[in-house]
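Inspection log for the structure reproduced underneath, given as structure tokens.
The values are calculated or read from the model by the stated rules, or taken from the named source; none is laboratory data. Please read all numbers here as calculations on a predicted model, not as lab measurements. Please note: Cβ atoms are built from the backbone with ideal geometry, for glycine as well, and neighbour counts cover all protein chains shown.
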Amino acid sequence: MTKLQKIALLNLILAGICLVLQLICFVAGVSLISLFASIVILVLGCIMLVSYFRRKRLVKRGSGEYDERDKSIHTTAALYGLMTAFMVYFLTTFLAFLIVGPGGELKIGYVLGMFLLGANSFFFTESAVVLFKYGWRSTDNE
Amino acid sequence: MSNLQKSAWFNLVGVTVLGMIGAAAILFMARMNTKGVEYVLICIFVPVLASPGLYIYCRKKSIESRFDERERVIHSRSLMVAAFGLTIFLACVCMLPFFVLGGQNVIKVYYLPLIFFSALFIAQFVHSAAILVMCALEDDDG
């Protein structure tokens with residue numbers, strides 16, 4: 001497994017945990033559980049950000065660890081991730097609109113939650129697509 | 001005018017018109033405070049809004065098949081710019097009210113689809129504008 005695959009796997013696990021915690025936050029509402037979950041999400045988000053910059057450093061380093069094929073895979077994965085994030089945002093918006101009704105009101109915290117759900121979906125799908133494209137458990141990239 | 005530029009102008013005009021129709025439909029439903037059986041109205045509006053979108057998508061695909069290599073590069077670059085613009089817009093729209101008004105304040109639910117349609121419009125606008133700017137810059141360079 002290359003460094004890029006390891007980073008993708010780490011992101012996949014962290015984004016998966018974040019998604020579960022966010023669902024708990026949505027269900028629990030305003031409580032100590034959701035506060036604790038939000039703190040954990042923040043910490044995991046920071047780790048994902050660090051791994052993103054680590055990947056950027058690998059990209060800058062050039063030829064040995066990041067070639068044209070890697071670039072193509074990551075661009076495709078980013079596009080898939082964006083599509084998923086946008087679909088998730090659309091679905092949550094549409095569901096809120098249908099359940100509450102246009103005249104209803106929603107807490108602003110939930111709007112931010114919807115955005116974070118979309119962002120996590122992006123990381124989750126992007127990492128999954130990267131791993132899928134490289135081939136799960138493959139040792140060489142040729 | 002190249003195929004890419006024609007496609008950009010077509011998308012710009014199409015999305016502007018669709019955005020205006022969508023916003024008008026949402027404001028109408030919000031004014032009527034549609035509930036219960038009136039969800040049927042929403043179910044009618046969705047395909048009405050989606051069908052021109054599908055038409056644009058199909059038409060776009062047929063245009064994109066005629067792009068040359070240079071146009072494809074510009075297209076993919078502008079797609080990334082649009083994705084970046086979309087992310088920044090959504091982040092600002094979702095985070096600013098949270099930090100300014102606080103998470104416990106409420107907003108009307110009909111703002112959510114308005115935000116969604118605005119995001120779609122911004123993404124398409126940035127995409128088309130980026131294509132036109134990049135084409136103009138390339139033409140200037142000769």
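Annotations for the structure displayed:
Yes/no matrix, rows are residues, columns are (1) modelled with pLDDT under 85; (2) closer than 25 Å to B:G22 by Cβ; (3) within 12 Å of chain A (Cβ to nearest Cβ):
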position	(1), (2), (3)
B:Y55	yes, yes, no
B:E64	yes, yes, no
B:D68	yes, no, no
B:R72	yes, no, no
B:G85	no, yes, yes
B:A91	no, yes, yes
B:Q104	yes, no, yes
B:L112	yes, yes, yes
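- All of B:F121, B:F116, B:F99 fail the test of being more than 8 Å from every other protein chain (Cβ to nearest Cβ) and within 25 Å of B:M20 (Cα to Cα), apart from B:F121.
Yes/no matrix, rows are residues, columns are (1) closer than 18 Å to A:G118 by Cα; (2) touching a residue at least 12 places away in the same chain (Cβ under 8 Å); (3) in a helix (DSSP H, G or I):
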{"residue": "A:L10", "(1), (2), (3)": "no, yes, yes"}
{"residue": "A:A15", "(1), (2), (3)": "yes, yes, yes"}
{"residue": "A:F26", "(1), (2), (3)": "yes, yes, yes"}
{"residue": "A:L35", "(1), (2), (3)": "no, no, yes"}
{"residue": "A:L44", "(1), (2), (3)": "yes, yes, yes"}
{"residue": "A:Y66", "(1), (2), (3)": "no, yes, no"}
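- Scan of segment A:69-120 for residues that are more than 21 Å from A:G29 (Cα to Cα), without any contact (Cβ under 8 Å) to a residue 24 or more places away in the chain and either touching a Ser or Thr at 6+ places or on another chain (Cβ under 7 Å) or outside any helix (DSSP H, G or I) (or both), ordered by number: A:P102, A:G103
Table: residues versus (1) on the phi < 0 side of the Ramachandran plot; (2) modelled with pLDDT of 80 or more; (3) within 14 Å of another protein chain (Cβ to nearest Cβ).
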residue	(1), (2), (3)
A:S31	yes, no, yes
A:L44	yes, yes, no
A:S63	yes, no, no
A:I73	yes, yes, no
A:F94	yes, yes, yes
A:G103	yes, no, yes
A:L106	yes, yes, yes
A:L112	yes, yes, yes
